[in-house]
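Quick notes on the structure that follows.
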């Protein structure tokens, strides 16, 4: 459901470069329960499942708002801050709004809260900022944002401007300094209705890394940046730069970078 919000809200614990919760404007809200296919063997909500949640609420908001082109968007970057992970059968509230715009793109902010036994108690545990680029689905070339879209999201976006430039690869060592994790087997189920590897599937190598490195736990921040689309039949390689508290995972196709994943963790267990 969508509704205007009034009053003020704070984003304690979230980096200052995340747009704050809007005091007014369009915010779309929904709920969902963490299911068996969303969690690790220990019952922790996985990051690729979170990426699916973000993707789903974006579609639901676009359809609910009757956007002029609800499906003509592709993800450029997803930035997720996890204060704590949800667990199997937790009930979550998801709220999304526009955090800023550019000429051909818009930032979608999403807050995920844990719903307690008291339905009025919602504790934010995950924040995300996803940069979506509007495209022509036939050519995948960027399209300028429409006036009707800008009018619908303008109040929540509050005139904030966002950039589409890539950030993760800056200052990254040469690929030959990375530790190779070898080939990453792509599956038929990794590809979606557009014919490209679904953006949630890009998060799976990070989950493999977390499974083998239990010192990286929440609170953590992870960013996935997409450099090129991965088509069916592609051969993917994965390599890791371990740079202290910063870990960067490269997803390579034909020697070119398909995506970069950056992980920063402040927890040690």
Discussion item. Name the single residue that is farthest from the chain's Cα centre (by Cα) among those in the range 159-180 being surrounded by fewer than 17 Cβ atoms within 10 Å (Cβ to Cβ) and over 27 Å from residue 237 (Cα atoms).
Written reply: 159
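Within the bounds of the range 23-31, is there any residue that is closer than 15 Å to residue 90 by Cα, crowded, with 21+ Cβ neighbours inside 10 Å and modelled with pLDDT of 95 or more? Don't jump to the end; show me each part of the working.
Of the residues in the range 23-31, the ones closer than 15 Å to residue 90 by Cα are 30-31.
Still in the list and also crowded, with 21+ Cβ neighbours inside 10 Å: none.
No, that holds for no residue.
Only one of these is under 19 Å from the mean Cα position of the chain (by Cα), farther than 26 Å from residue 72 by Cβ and either surrounded by fewer than 19 Cβ atoms within 10 Å (Cβ to Cβ) or without any contact (Cβ under 8 Å) to a residue 24 or more places away in the chain (or both): 207, 242, 235. Name it.
On the way: 242 fails: under 19 Å from the mean Cα position of the chain (by Cα); 235 fails: under 19 Å from the mean Cα position of the chain (by Cα).
When all the criteria are applied, what remains is 207.
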Item to complete: Check off (1) under 16 Å from residue 231 (Cα atoms); (2) outside any strand (DSSP E or B); (3) without any contact (Cβ under 8 Å) to a residue 60 or more places away in the chain for residue 137 and give me the number that stays unchecked.
Response: (3)
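So is residue 123 without any contact (Cβ under 8 Å) to a residue 40 or more places away in the chain, touching a strand residue (DSSP E or B) at 6+ places or on another chain (Cβ under 9 Å) and part of a strand (DSSP E or B) or not?
Details: without any contact (Cβ under 8 Å) to a residue 40 or more places away in the chain: yes; touching a strand residue (DSSP E or B) at 6+ places or on another chain (Cβ under 9 Å): yes; part of a strand (DSSP E or B): yes.
Judged against the criteria, residue 123 is a match.
Just one of 200, 183 is in the same structural domain as residue 250 (by TED's automatic domain parsing) and surrounded by fewer than 16 Cβ atoms within 10 Å (Cβ to Cβ); which is it?
On the way: 200 fails: surrounded by fewer than 16 Cβ atoms within 10 Å (Cβ to Cβ).
Result of the check over 200, 183: 183.
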Worksheet item: Which of the residues spanning the range 57-75 are surrounded by fewer than 18 Cβ atoms within 10 Å (Cβ to Cβ) and free of Cβ contacts under 8 Å to residues at least 24 places away in the same chain?
Response: 59, 63, 66, 70
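The values are calculated or read from the model by the stated rules, or taken from the named source; none is laboratory data. All figures in this text were calculated on a predicted structure; none of them were measured in a lab. Because the Cβ atoms are built from the backbone with ideal geometry, glycine has one as well, and the counts that use them run over all protein chains shown.
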